[in-house]
Structures are given as C-alpha cells and as structure tokens.
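Where a number appears in this text, it was derived from the coordinates with a stated rule and is not lab data. Since the model is a prediction, treat every value here as computed from it, not as a measurement. Here Cβ is always computed from backbone atoms with ideal geometry, including for glycine, and neighbour counts include all displayed protein chains.
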Amino acid sequence: MIDILARVAEQRILEALEKGEFEKLEGAGKPFVFEDETFVPEDLRAAYRVLKNAGCIPPELEIRKEIVTLKDLINTIDDDKERLKKIRELNFKLIKFEMVRGRPLRLEDYPDYQNKIEQKMIE
C-alpha cells in the first residue's frame, strides 16, 4: 500500500515540476530553517535546545554524522583488510544508531550479522 502511495506522490511531484509549480514558492532557493521543534519529541526539546545552544548536537545526529563519514571513507579505501575493518565499524554504528533512536533491531537490515547468528544457532 505504501509503495502505491509513494509512486502516486512521486508522479504528482514530477508533474508539478514539469509545470513549474515549484518555481515561485516563497523561500525558493533558500535553505530550510527548522527553528520550530516540530520534529523533536516534546520530552526531548528542552535538552536539545540546551545542547544546541552549547554547540553540541544530539547523540543520534552525532552517530549519523559518523555513519556518513565512514561510508565516504569506505569508498576511498583500497586495502581490503582496512575496508573490511571500516565496514564492521560502520555496521556497529548503524546498529548503535537504531538503538539510540529506540527502534527495534531488525537483523534483516544487517545480513552479515543475521547470517552469523543463524550459523551459530545451527551449530
């Protein structure tokens, strides 16, 4: 169901782009400023505001930043052993990111670990 809705939304967005409907929007070409804290859970807003004012970022954003950096780094490494080491580090960061966000760990998102766990259970 979600795929159908996503495809319909994407089609409508493409049609609007072709018609030029996005060209005269207020703030066009300017970055979004999310000063309101709509996307921050209510119980975390005060803490995030303190962190922001102190020049810090929330833990999950810090981990996300590390994930992006690791992905970029992995693409530049020629040494297979070093690349594998960084991929393992990336997988760990991805799992940590999921946990910090409070989402359940889904092993199917990490096929390497899922295969290892399945092998251990068989043995």
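Exposure proxy for Phe22, Phe32, Phe97: other Cβ atoms within 10 Å of each Cβ, ordered fewest to most, give Phe32, Phe22, Phe97.
Between Arg101 and Ala46, the contour length at 0.36 nm per residue exceeds the Cα-Cα span by 18.1 nm.
With the highest mean first, a sort of the peptides 44-52, 76-84 on other beta-carbon atoms found within 10 angstrom per residue produces 44-52, 76-84. Which of Ala6, Gly27, Val100 sits closest to the plus end of the dipole of the range 2-112, meaning its Cα is farthest towards the positive end, when Lys and Arg get +1 and Asp and Glu get -1 on the C-beta? Farthest along the dipole direction, towards plus: Val100.
For Lys81, go through the lysines and keep the ones whose alpha-carbon is under 21 Å away, minus same-chain ones fewer than eight residues off. Reachable lysines: Lys71, Lys93, Lys116.
The range 2-112: D in µm²/s via Stokes-Einstein (Kirkwood Rh, Cα pairs, 37 °C, 0.692 mPa s)? Value of D from the Cα-based Kirkwood radius: 182 µm²/s.
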